[in-house]
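Engineer: My questions all concern the structure below.
The values are calculated or read from the model by the stated rules, or taken from the named source; none is laboratory data. Because the structure is predicted, anything quoted here is derived from the model rather than measured. Backbone-built Cβ (ideal geometry, glycine too); neighbour counts: all protein chains shown. With ligands, DNA and RNA removed, areas are computed over all heavy atoms of the protein, side chains included. Shrake-Rupley method; radii C 1.70, N 1.55, O 1.52, S 1.80 Å.
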Amino acid sequence: MGSTGTVLRELRGAQKTSKGVSLYSRYVNRPAGRVLAAGAFRAGMTPNQVTLVSALFTFAAISSLALAPPSWGLGLAVCAGLVTGFAFDSADGQLARLTGRGGPDGEWLDHVVDCAKMILVHTAVLISFYRFTELPSDIWLLLPLGFLFVSVLTFCAGLLREQLGRAAARAVPAGSDPAGSAPAPASRLRAVVLLPADYGVFCLVFPLLGAPGAFRTGYAVLAAVHAVFLVAFLAKWFRELKAFRVD
């Protein structure tokens with residue numbers, strides 16, 4: 001795997017399944033992460049180092065959001081930092097699969113950074129609202145708190161669904177299928193429907209910081225959409241885990 005082109009070809013063969021992934025992650029974030037992973041491989045970086053680079057871009061953008069008055073320039077900078085951090089977040093896993101250097105420490109670090117960014121980005125919006133924005137009503141201060149709750153609950157519930165599902169699947173006798181069927185192939189329609197719930201799409205609302213009213217509207221719409229998805233996800237994950245029960 002000498003040349004960058006060779007590394008990219010190897011990375012294309014080391015991708016996760018596209019099932020349950022939105023169009024943004026499938027056609028924007030993962031390909032960008034693949035290029036970054038190839039560069040990281042050529043530079044001799046480890047997956048954990050790539051995770052820390054992701055955290056650097058993400059937390060720099062979030063800090064700027066909380067500390068600087070909203071403007072068009074700030075919005076573009078915040079968006080660029082978050083999007084770049086998200087791409088590096090994809091790159092660390094791709095590099096781990098390419099090199100075989102992944103492990104529980106890397107997975108733990110990745111989840112810690114993901115959880116921290118979800119908490120801090122909405123906290124930064126709340127601080128920005130409080131410090132710099134003339135809100136129509138103080139009730140708007142509850143919006144980032146609600147979005148924070150929805151985001152963290154979705155993240156934690158999804159992570160538990162994955163971990164408990166794996167543990168339950170290992171305990172199932174060979175040949176049985178408690179989930180009821182084989183995994184369905186990736187659906188283009190589902191990938192489109194999932195777009196509003198994608199973190200990458202969420203990042204794209206920040207260029208509107210130069211127009212506070214438009215930003216609040218876009219942020220509120222995304223919060224409502226994420227809340228609807230949370231209800232749907234919770235019902236789906238509960239049914240899937242219940243299928244593993246042995247009465």
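Engineer: Kindly sort W72, W237, W108, W140 by accessible area of their heavy atoms, largest first, with the probe set to 1.4 Å.
Structural biologist: My answer, sorted largest first, is W108, W72, W140, W237.
Engineer: Now for a separate question. Of the candidates G39, G146, G103, which one comes out as most mobile in a Gaussian network treatment of the chain with C-alpha springs shorter than 10 Å?
Structural biologist: Per the Cα network of the chain with a 10 Å cutoff, G103 tops the list.
Engineer: What spacing in nm lies between the two simple spin-label points modelled at W108 and F238, each 7 Å away from Cα in the Cβ direction?
Structural biologist: 3.2
Engineer: Once the cut-off is 34 Å, how many percent of the Cα-Cα pairs in the chain end up in the long-distance tail?
Structural biologist: Of the Cα pairs, 22 percent sit more than 34 Å apart.
Engineer: Still on this structure: Run the 1.4 Å probe and let me know the accessible area of F233, rounded to the nearest 10 Å².
Structural biologist: About 40 Å², rounded to the nearest 10.
Engineer: Let me ask something else about it. Could you point to the residue in H122, F86, G75 farthest towards the positive end of segment 62-133's charge dipole, with +1 and -1 charges on the Cβ of Lys/Arg and Asp/Glu respectively?
Structural biologist: G75
Engineer: Which value, in debye to the nearest 20, describes the size of the charge dipole of the chain about its Cα centre when Lys and Arg Cβ atoms bear +1, Asp and Glu Cβ atoms bear -1, and nothing else is charged?
Structural biologist: 720
Engineer: Something else about it: Rank these by accessible area, largest first, 1.4 Å probe: K236, K242, K117.
Structural biologist: My answer, sorted largest first, is K242, K236, K117.
Engineer: Heavy-atom accessible area of V21 with all protein chains present, probe 1.4 Å, nearest 10 Å²?
Structural biologist: About 20 Å², rounded to the nearest 10.
Engineer: Per the helix-only calculation at 222 nm, which mean residue ellipticity applies to the chain, given -39500 (n - 2.57) for every DSSP H run of n ≥ 4 and division by its residues, nearest 500 deg cm²/dmol?
Structural biologist: Working: 9 runs with 172 residues, N = 247.
Result for the chain: -24000 deg cm²/dmol, rounded to the nearest 500.
Engineer: Does anyone have the angle between helix 30-42 and the longest principal axis of the chain? Alpha-carbon axes, 0 to 90°, nearest 10?
Structural biologist: Between helix and principal axis, roughly 80 degrees.
Engineer: Also: For segment 14-143, report the accessible area per residue in Å² (1.4 Å probe, heavy atoms, rounded to an integer).
Structural biologist: Here the per-residue accessible area is 48 Å².
Engineer: Please calculate the 1.4 Å probe accessible area of L126, with all protein chains present, and give it to the nearest 10 Å².
Structural biologist: The accessible area comes out at roughly 40 Å².
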